[in-house]
Amino acid sequence: MQNAFHYKRRIEFCDTDAAGIVHFSALMQIAEQAEHAMLRSLGTSVLVQIPSESGAPTWLTWPRVRVESEFHGAARFEEELDVALYVSRLGTKSVTYVFRMTRSSEPICSGKTTNVCCQIDATGRMKSVEIPARLKDQLQAYVVSESGRT
């Protein structure tokens, strides 16, 4: 998929259920790991300290407000998944990621998450804020319509 960020991940034994098949919750963690890897590739993280006017510690983070997934096939211990991750919507304060997991081109899982850019102040209070301009520009490279066309 053009414009996608790709993340490879081998299924570990701890990812599987009693039948030896990757558990659905592990697939959601793998999708999250792909998001984190994308952010790291852009020089940031899912939780970063940012300057504040008061000088008190302030953090920028990305809580999820929506998660959807559909399961297409089974993956097992030691198999390698490719996660194609792209941005289907880049708003002022939120980003919607779409992911597609495959094993040797065979669909395993697909879905999307919507994350909101939030600031956490020194008291732990969280509020939504605009996505920093530099990061928004970088994420623009991964924007693809859900039909797969840019």
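What follows draws every value from the coordinates through simple rules; no lab data is involved. Computed from a predicted model, the values in this text were never measured in an experiment. For neighbour counting, all protein chains shown are included, and Cβ atoms are generated from backbone atoms with ideal geometry for every residue, glycine included.
Among residues of the stretch 20-32 that are crowded, with 17+ Cβ neighbours inside 10 Å, those with a beta-carbon under 7 Å from a residue that is in a helix (DSSP H, G or I) at least six positions away or on a different chain give the pairs V22/D15; A26/D15. The requirement of being in a strand (DSSP E or B) and either over 19 Å from N3 (Cα atoms) or free of Cβ contacts under 8 Å to residues at least 40 places away in the same chain (or both) is satisfied by I108. For the stretch 36-53, filtered to residues that are in a loop (DSSP other than H, G, I, E, B) and either under 16 Å from the mean Cα position of the chain (by Cα) or touching a residue at least 24 places away in the same chain (Cβ under 8 Å) (or both), the residue that is surrounded by the fewest Cβ atoms within 10 Å (Cβ to Cβ) is G43.
Has the stretch 91-103 got at least one residue that is more than 15 Å from the chain's Cα centre (by Cα), assigned to a strand (DSSP E or B) and either aromatic (F, W, Y) or more than 21 Å from V143 (Cα to Cα) (or both)? Yes, the stretch 91-103 has at least one match.
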